[in-house]
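Data first, discussion second: the structure below is written as structure tokens.
The values are calculated or read from the model by the stated rules, or taken from the named source; none is laboratory data. Bear in mind that the values here come from a model prediction, so they are computed numbers and not experimental data. Quick reminder, even Gly has a Cβ in these numbers, built from the backbone with ideal geometry, and neighbours come from all protein chains shown.
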Amino acid sequence: MEKYRLSIVDIIDESPNTKTYILEKPETLTWDEGSHIHLALEDYDKDEVPNKALVRHMSIMSNWDENKLAFTTRFIEPHSPFKEGLAHLTKGDHLKVFKVNSRMSLRRENRPLVLISMGVGLATMRPLIHRFHQDSTNIPLLVNLNVDAHAAHEKALYQDEIEGLRSDRLQLNWCKSRLELFNALDVLNIENPIYYVVGSDLFLRTILKRLKAKGISKDAIVIDKKSHMLDLYYEY
């Protein structure tokens with residue numbers, strides 16, 4: 001297993017409790033859109049047994065050809081040991097990255113794609129949206145639905161950036177409540193779409209229950225979990 005010790009190039013304050021960390025990208029490292037990583041504080045493995053409390057799975061919010069490896073996270077009290085350590089890091093400090101993997105890459109099957117995310121879950125969807133904007137081969141339409149209660153009085157995460165990509169084939173819906181999201185999902189009228197869903201466990205269960213009630217089959221749903229977890233969420 002290859003580990004990368006990466007320097008923090010920049011830290012962007014997206015909102016009062018949300019930050020994006022820009023890391024240097026190893027020259028030879030590439031990844032698919034929607035990939036995730038194991039992210040660790042630099043000293044997590046200083047002892048014989050690595051401290052798993054200092055490691056988190058994190059979505060990569062950038063594509064490899066942006067020449068950066070970046071992630072976005074929210075800091076909500078109480079902080080975990082990982083978040084507490086992360087909050088004290090500054091530019092020039094280091095993090096360790098390993099186990100780069102993807103379950104969310106774009107399915108190019110001549111079917112529309114619907115991306116449904118909650119809050120900072122949009123970090124997983126951002127690279128999918130950008131990759132579609134670059135190359136929409138065999139994807140006739142992409143619809144992005146995001147709900148962010150934290151953005152009730154401000155714009156959602158990356159909203160200005162993503163709005164700049166809006167087109168007839170890239171539809172965007174920024175929801176302020178789950179009810180608004182459910183309504184947007186209910187009135188969505190497109191043929192044979194594939195749904196990508198990212199959010200909390202409760203959010204996944206709720207959305208998959210609604211999709212199942214609409215007659216959406218399990219093979220038309222993608223979540224950022226191991227394959228057996230889709231079975232559990234779908235049958236919940």
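May I ask you to verify whether Asp224 is among the charged types (D, E, K, R) and surrounded by 20 or more Cβ atoms within 10 Å (Cβ to Cβ)? Considered against the rule, which asks whether it is among the charged types (D, E, K, R) and surrounded by 20 or more Cβ atoms within 10 Å (Cβ to Cβ), Asp224 comes out as yes. Applying the condition of being among the polar types (S, T, N, Q) and in a strand (DSSP E or B) to the range 11-28 and asking which residue is farthest from Thr72 (Cα to Cα) yields Ser15. Among the residues of the range 161-215, those that are under 20 Å from Pro140 (Cα atoms), within 19 Å of the chain's Cα centre (by Cα) and of a type in the set (Ser, Thr, Tyr) comprise Tyr195, Tyr196.
Here's the yes/no breakdown for (1) touching a residue at least 24 places away in the same chain (Cβ under 8 Å); (2) outside the structural domain of Gly121 (by TED's automatic domain parsing); (3) over 21 Å from Thr18 (Cα atoms):
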{"position": "Thr28", "(1), (2), (3)": "no, yes, yes"}
{"position": "Gly34", "(1), (2), (3)": "yes, yes, no"}
{"position": "His57", "(1), (2), (3)": "no, yes, no"}
{"position": "Ser62", "(1), (2), (3)": "yes, yes, no"}
{"position": "Phe75", "(1), (2), (3)": "yes, yes, no"}
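Applying the criterion of at least 1 residues that are surrounded by fewer than 15 Cβ atoms within 10 Å (Cβ to Cβ) and among the polar types (S, T, N, Q) to the strands (runs of 3 or more DSSP E) found wholly in the range 60-169 leaves 94-102. For the range 6-29, the set of residues classified as surrounded by 13 or more Cβ atoms within 10 Å (Cβ to Cβ) and farther than 18 Å from Glu84 by Cβ consists of Leu6, Val9, Glu14, Ser15, Thr20, Ile22, Leu23, Glu24, Lys25, Pro26, Leu29, listed by residue number. Going through the range 140-181 one residue at a time, which ones are hydrophobic (A, V, I, L, M, F, W, C) and free of Cβ contacts under 8 Å to residues at least 12 places away in the same chain? Across the range 140-181, the qualifying residue is only Leu179. Does Tyr44 satisfy the condition of being aromatic (Phe, Trp, Tyr), outside the structural domain of Tyr158 (by TED's automatic domain parsing) and not in a strand (DSSP E or B)? For Tyr44, the condition - aromatic (Phe, Trp, Tyr), outside the structural domain of Tyr158 (by TED's automatic domain parsing) and not in a strand (DSSP E or B) - is met. Considering every residue within the range 199-219, establish whether at least one is assigned to a loop (DSSP other than H, G, I, E, B), among the hydrophobic types (A, V, I, L, M, F, W, C) and within 23 Å of Val120 (Cα to Cα). No, there is no match, as no residue in the range 199-219 is assigned to a loop (DSSP other than H, G, I, E, B), among the hydrophobic types (A, V, I, L, M, F, W, C) and within 23 Å of Val120 (Cα to Cα).
Taken over the range 190-218, the criterion of being in contact (Cβ under 8 Å) with a residue 40 or more places away in the chain and either crowded, with 17+ Cβ neighbours inside 10 Å or β-branched (Val, Ile, Thr) (or both) is satisfied by Ile190, Pro193, Ile194, Tyr195, Tyr196, Val197, Val198, Gly199, Phe203, Ile207. Within the range 40-54, is there a residue that is under 22 Å from Asp148 (Cα atoms), within 19 Å of the chain's Cα centre (by Cα) and at pLDDT 95 or above? Scanning the range 40-54 turns up no residue that is under 22 Å from Asp148 (Cα atoms), within 19 Å of the chain's Cα centre (by Cα) and at pLDDT 95 or above.
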